[in-house]
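Structure, as structure tokens:
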Amino acid sequence: MAAVTLRSRRDILRLASGFAIGALVGPGRAAASNWDERALSLYSINTGEYLTVEYFAEGCYQREALSEVNRLCRDHRTGEECAIDPRLLDQLFALRTRLGTREAYQLVCGYRSAETNALKRLHSHSVASNSYHLTGRAADVFLPDRDLRTLRRAALAMGAGGVGYYPRSGFVHLDTGPVRSW
């Protein structure tokens, strides 16, 4: 292993983020990819909007790119936006890399306003009153080129946050909360 010279706090953070992403993806995967650049493609099934964005480059999250993600992941019922947790984007990036696909995530639900969450709770017992969607820390997604069970298994194997499996609704829930599954 080559020696690494750390000259600044940014170098330390870059190294730590590389280790964290490598741990999410699994052994041997970090060396195969350039972790200093992270990009995602997202398609909102509710609005028809599509976004391909490099949200992390040169060791930093890209403010403008994150704003674009916030816009795409907004509550489509109210138009309200929320800052999406960059760690959620890292989970999505790591999961897509683990699965070996560059396909766009189909976004069923990103941010959800308190008003929308209350309405959804009236119609479904599976909607949490304190949902991570309310704080931009959750996404309900699927990948058209991957079986939902495969997506779920890979997400569980990462051991990063919550993983909910909704085969009847056709999506997997991911969040940046404690590691748990349902």
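Residue by residue, segment 131-145 carries 3J(HN,Hα) couplings of 3, 5, 4, 5, 10, x, 10, 8, 8, 9, 9, 8, 10, x, 9 Hz when phi is fed to the Karplus relation 6.51 cos²θ - 1.76 cosθ + 1.60 (θ = phi - 60°); x denotes Gly or Pro. Going from the residue with the fewest nearby Cβ atoms within 10 Å to the one with the most, Cys73, Cys82 rank Cys82, Cys73. Under the criterion of Cα pairs below 8 Å and six or more residues apart, the relative contact order for segment 67-182 equals 24 percent.
Panel order for Val163, Val108, by other beta carbons found within 10 Å of each beta carbon, from fewest to most: Val108, Val163.
Close amide H partners of Val163, meaning residues 5 or more places away or on another chain with modelled amide H under 5 Å apart, are Arg180, Ser181, Trp182. A DSSP coil position with no more than 16 other Cβ atoms inside 10 Å describes the following trypsin sites (Lys or Arg not before Pro) in segment 112-182: Arg168.
Bear in mind these aren't lab numbers, they're just calculated from the coordinates by the rules spelled out. Small disclaimer: the values here were computed from a predicted structure and weren't measured. Please note: Cβ atoms are built from the backbone with ideal geometry, for glycine as well, and neighbour counts cover all protein chains shown.
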